[in-house]
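Readers should treat all values here as calculations from the given coordinates under stated rules, not as data from a laboratory. Please read all numbers here as calculations on a predicted model, not as lab measurements. Quick reminder, even Gly has a Cβ in these numbers, built from the backbone with ideal geometry, and neighbours come from all protein chains shown.
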Amino acid sequence: MTVVETPPPLPVRDRATLRDRTAGALSPMLIRLAAERATGVLVREYGSLHLAEGRVVHAESPLAPGLDVLLTAHGTLDAAAWPWTDDIPAAAHRLLAAGLLPRGALELCGLNALYDAAYFALSPSSTPGRFRYGDPPTPAPLHSVPVAAMERETLRRRELLDRLWPDPATDGAPLIRADPLAPPPLTPRQRAVLDRVDGVRTAPEIARELGRPAFHTLVDVRRLAAAGLLAPASTVAAPPVLPQVTDPDIALLKRLRDALEAL
């Protein structure tokens, strides 16, 4: 008689435990503000998060293209039709009221811009954040985002970049091209990024020029770095400084050459 043992059950990831482990991992202050349903602006070194009753309604960062760039760069919206204002919720209201964009398209692009800027706003910082309490902003026609969801997505993005290429120096330094012996084939997106690598532009600057989310450009940059096609300029060793050869040195070398030939 053969006894067949039942295999042990596969481990199941406890989502509640995962949420507990990531909560507050990026900004304990942000978690406290969410718990108290605060309204105002959390200002950090690389960007800011706008809260309404503890939920994120808008994010901005100098390292991430704004909603205006994402909408106008590729003809989704004519640049002349954008209501040029720093009040993004108000601009979204005007676009919807004028029927210039479907609500679904605007919401998708708005969430993309929000998560993109939040990724940089929640980056490790050398200075503490500060929160300015204020009146509720203009009610946004776009979806707000829970703070916990914002943190989880930011951590997921960090982990993705680390898996692609673990050196974050490519994210902010000027980039230079490399010349591997056997370059891999490139996608059109990667080719567009590599074509703009000139030793001066950084990944966020390339993203703004291309009208793409900055995080998506970081993904392309890290893949190109892993393939040996680019590197941060700051990590490239300077060419060695060769000693200058003077006239007496040249004369001495000639005498040594003549002596060797006479042997």
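Okay, here's what the table says:
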read-out	value
Full-stretch length increase - residue 182, residue 29 - with 0.36 nm per residue and alpha-carbon distance subtracted	50.3 nm
Segment residue 76-residue 233, length gained on full extension (0.36 nm per residue, minus Cα span)	53.1 nm
Measure of compaction for segment 168-235 (Cα Rg per 2.2 N^0.38 Å)	0.97
Label point distance in nm, residue 148-residue 162, each placed 7 Å from Cα along Cα→Cβ	2.2 nm
Within-12-Å neighbourhood charge of residue 156 [Cβ basis; K, R +1; D, E -1]	0
